[in-house]
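Have a look at the structure below, then the notes.
The values are calculated or read from the model by the stated rules, or taken from the named source; none is laboratory data. Nothing here was measured: the structure is a model prediction, and the numbers come from that model. Here Cβ is always computed from backbone atoms with ideal geometry, including for glycine, and neighbour counts include all displayed protein chains. Just the protein is used for accessible areas: all its heavy atoms, side chains included, with ligands, DNA and RNA removed. Shrake-Rupley method; radii C 1.70, N 1.55, O 1.52, S 1.80 Å.
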Amino acid sequence: MAESGAQHHGIRILGPEQPGSERILCSDALLLLAELTRRFRARRNELMTLRAQRQLKIDAGAMPGFLPETADIRKKEWQILGIPSDLQDRRVEITGPVERKMVINALNADVKVFMADFEDSLAPAWDKVVQGQVNLADAVRGEIDFVHPDSGKAYTLREDPAVLICRVRGLHLDESHLELDGEPIPGALVDFALYFFHNHEALLAKGSGPYFYIPKLQSHLEARWWAEVFAFAEERYALQPGTIKVTCLIETLPAVFEMDEILYELRNNIVGLNCGRWDYIFSYIKTLRNHPDRVLPDRQAVTMDKPFLNAYSRLLIKTCHKRGALAMGGMAAFIPAKDPEQQALVLQKVTKDKELEAHNGHDGTWIAHPGLAETAMAVMDRYLGDRPNQLHVTREEDPPITAEELLEPCEGQATEAGMRANIRIAVQYMEAWISGNGCVPIYGLMEDAATAEISRASIWQWIRHGTVLDNGKLVTKALFEQMLTEELAVVRGEVGAQRYDQGRFDEAANLFRSLTCAEQLTDFLTLPGYEILTESTRMDNRT
Ligand SMILES: CC(=O)SCCNC(=O)CCNC(=O)[C@H](O)C(C)(C)COP(=O)(O)OP(=O)(O)OC[C@H]1O[C@@H](n2cnc3c(N)ncnc32)[C@H](O)[C@@H]1OP(=O)(O)O
Ligand SMILES: O=CC(=O)O
Ligand SMILES: [Mg+2]
């Protein structure tokens, strides 16, 4: 069924055949995908236009805020449908790309949930997308194993693995290796349809279910779109309405003003919201790009204790708990260090970060690495004890959290060291991404699409608004060019000449330069990145 160029139910496969693609892209799975695409793609396109129209208003001086037309939904008493038993306790969730070894390691980690990621931590090359679905289908059936080709180390799944949640791509990304009626299919629909089709029966049979994380929503209208997608899939397979369960990331500035509305639109399916802090910070920069009084300082200074981020966390908790939904915390980007002193520092920082979340009332938190499970669990255990979550923390006594608090400027310095670090991080991350690796350790932090967006968008913003650095230097395109040349040399020294020369650093630098020096802020680095990532695998590009 999966041969390249073939048509199935109107879908043309434009990617080369992959191991397992005949199973994953079987006729019935493609039929569901074709039906979903016919029904929902046009509206997805309209929703992207609505995003752009709203942004134009903000660019012209308007500020995002709570919607007057949905005030009733915020005021009225209502609750989400419910939370299945295996999602009641999500105190620690590990996240990671859908690579085979990582999937096994994550499911075996000492955590409650594994969020298997087709999004921020995956560069969605065609082989990764197909192989990722193979890996998850095998994992759901308990039939996943792996032998490392170099070390010979064998990996198998433990008896009682973590609960699986699949994070699909954001609405802005297409899957260019699959076309229907000559147009690419939204990546979000590809990831949803394939995971749902192949796994819902097996998951339900073992007492779990088809669970999803939805990223980068910008409005309740987008949530409504997802609710309609879920309702269609449930009806198509004669499932009880509300069988599909979803957690939405609140990781864009517009969405923070529509959390009640998002919960309401998805009330049959939703079980919680999550503070996706990294994309949220990026979205703060992106949304307020034209507002000189909202320029962010160095990335390192933008921590969750800053008032605008603390208000976001508290409002998310208050909103979720009022509706019976879980309020998940986010990712501390630290990863374990080899040096014991450094490691002690890492654990201290992770503890502090998780303390703040648990203290605010979050029901769970994210870690990027199994080596942090114990630390995060210890903090969450201290706050949750025998309870599965903190739904009892209603924050009802809190004064209302206002739009002003959510939009409050962030104090801190923009520094030359910060700008240089942003350059080195962004260029290394883009080099990895266009080479097919969406998550990499850089300077002791996990870097993924969300964290790298902050690095590159910050510099664009500093140029746009003529930011003056701590040492009095004015940020201009010329200064950026000079620093880029200098920092590329530093990176070459750090990674080694051989790795550098065999890598794709020149292409990454070009991509970075084009994003940073553009008059308009590009919506996502992954949009032009995807063109590069897929240039050799899309059939219409191959000669
Ligand atoms: C903003 C957001 O969206 S956050 C969510 C998206 N981001 C993520 O999910 C980040 C996930 N984390 C990762 O991808 C990785 O931790 C990285 C790339 C940052 C670092 O990975 P590595 O360089 O492999 O780290 P390291 O060498 O310390 O790993 C040690 C072991 O832990 C495993 N490991 C590390 N991170 C993870 C993870 N998240 N899930 C499962 N296993 C993991 C490695 O596979 C390795 O296993 P092995 O000993 O069997 O070979
Ligand atoms: O997806 C999570 C984030 O922080 O971004
Ligand atoms: Mg994100």
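Considering only the stretch 372-387, state which residues are farther than 15 Å from residue 335 by Cβ and open to solvent by 50 Å² or more (accessible area, probe 1.4 Å). It would help to see each step written out before you state the result.
Restricting attention to the stretch 372-387, the residues satisfying the condition of being farther than 15 Å from residue 335 by Cβ are 377-387.
Matches in the stretch 372-387: 378, 381, 382, 383, 386, 387.
Inclusion of residue 181 among residues that are within 25 Å of residue 18 (Cβ to Cβ) and out of contact with any helix residue (DSSP H, G or I) (no Cβ under 6 Å at 6 or more places or on another chain) is warranted.
Residues checked against (1) within 13 Å of ligand 1 (Cβ to nearest atom); (2) buried (at least 16 other Cβ atoms within 10 Å of the Cβ); (3) under 19 Å from the mean Cα position of the chain (by Cα); (4) closer than 24 Å to residue 249 by Cβ:
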position: 370; (1), (2), (3), (4): yes, yes, yes, yes
position: 401; (1), (2), (3), (4): no, yes, no, yes
position: 408; (1), (2), (3), (4): no, yes, no, yes
position: 437; (1), (2), (3), (4): yes, yes, yes, yes
position: 441; (1), (2), (3), (4): yes, no, yes, yes
position: 454; (1), (2), (3), (4): yes, yes, yes, yes
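Can you pull out the residues in the stretch 266-304 that are more than 16 Å from ligand 2 (Cβ to nearest atom) and of a type in the set (Asp, Glu)?
From the stretch 266-304, those more than 16 Å from ligand 2 (Cβ to nearest atom) are 266-271, 288-295, 297-298, 301; that's our starting set.
If the condition is that a residue be more than 16 Å from ligand 2 (Cβ to nearest atom) and of a type in the set (Asp, Glu), then 293, 298 are the ones that fit.
Could you check how many residues of the stretch 146-173 are outside any loop (DSSP other than H, G, I, E, B) and without any contact (Cβ under 8 Å) to a residue 24 or more places away in the chain?
The initial filter retains those residues of the stretch 146-173 that are outside any loop (DSSP other than H, G, I, E, B), namely 146-147, 154-156, 163-167.
Keeping just the survivors that are without any contact (Cβ under 8 Å) to a residue 24 or more places away in the chain gives 147, 154.
Residues that pass the stated criteria total 2.
Residue count for the stretch 332-367, restricted to those that are open to solvent by less than 10 Å² (accessible area, probe 1.4 Å) and among the aliphatic types (A, V, I, L, M): 5.
The rows are residues; the columns are (1) more than 29 Å from residue 189 (Cβ to Cβ); (2) away from ligand 3 (no atom under 16 Å from the Cβ).
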{"site": "63", "(1), (2)": "yes, yes"}
{"site": "73", "(1), (2)": "no, yes"}
{"site": "83", "(1), (2)": "no, yes"}
{"site": "89", "(1), (2)": "yes, yes"}
{"site": "93", "(1), (2)": "no, no"}
{"site": "100", "(1), (2)": "no, yes"}
{"site": "104", "(1), (2)": "no, yes"}
{"site": "128", "(1), (2)": "no, yes"}
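Just the residues that are within 16 Å of ligand 3 (Cβ to nearest atom) and over 21 Å from residue 86 (Cα atoms), please, taken from the stretch 144-195.
Within the stretch 144-195, 169, 170, 171, 172, 173, 187, 188, 191 meet the criteria.
Taking every residue in the stretch 191-209 that is loosely packed, with under 14 Cβ neighbours inside 10 Å and pairing it with any residue that is part of a helix (DSSP H, G or I), at least 6 positions away or on another chain, the pairs with Cβ-Cβ distances below 7 Å are 207/86. Would it be correct to say that residue 393 is among the β-branched types (Val, Ile, Thr), open to solvent by less than 20 Å² (accessible area, probe 1.4 Å) and either in contact (Cβ under 8 Å) with a residue 24 or more places away in the chain or in the same structural domain as residue 441 (by TED's automatic domain parsing) (or both)? In short, no. Note on the stretch 224-282: residues that are open to solvent by 10 Å² or more (accessible area, probe 1.4 Å) and among the aromatic types (Phe, Trp, Tyr) total 4. Screening the stretch 210-223 for residues that are within 16 Å of ligand 3 (Cβ to nearest atom) and open to solvent by 10 Å² or more (accessible area, probe 1.4 Å) and picking the one that is farthest from residue 170 (Cα to Cα) gives 218.
Is one or more of the residues making up the stretch 67-84 among the small types (Gly, Ala, Ser) and open to solvent by 50 Å² or more (accessible area, probe 1.4 Å)? Scanning the stretch 67-84 turns up no residue that is among the small types (Gly, Ala, Ser) and open to solvent by 50 Å² or more (accessible area, probe 1.4 Å). Total residues in the stretch 310-348 satisfying the condition of being under 22 Å from the mean Cα position of the chain (by Cα), assigned to a helix (DSSP H, G or I) and without any contact (Cβ under 8 Å) to a residue 60 or more places away in the chain: the figure is 2.
Selection of the stretch 498-543 for residues being in contact with a helix residue (DSSP H, G or I) (Cβ under 8 Å, 6 or more places away or on another chain), at pLDDT 95 or above and assigned to a loop (DSSP other than H, G, I, E, B) yields 503, 504, 517, 518, 521, 522, 523, 524, 525, 534. Residues that are assigned to a helix (DSSP H, G or I), among the aliphatic types (A, V, I, L, M) and under 18 Å from the mean Cα position of the chain (by Cα) within the stretch 105-135 comprise 106, 129, listed in sequence order.
For the stretch 47-58, a tally of residues being closer than 14 Å to residue 173 by Cα and open to solvent by 80 Å² or more (accessible area, probe 1.4 Å) returns 0.
Being without any contact (Cβ under 8 Å) to a residue 60 or more places away in the chain and surrounded by fewer than 21 Cβ atoms within 10 Å (Cβ to Cβ) is the filter here; which residues of the stretch 456-478 pass it?
Step one: list which residues in the stretch 456-478 are without any contact (Cβ under 8 Å) to a residue 60 or more places away in the chain, which gives 459, 463, 466, 468-474, 476-478.
463, 466, 468, 469, 470, 471, 472, 473, 474, 476, 477, 478, listed by residue number.
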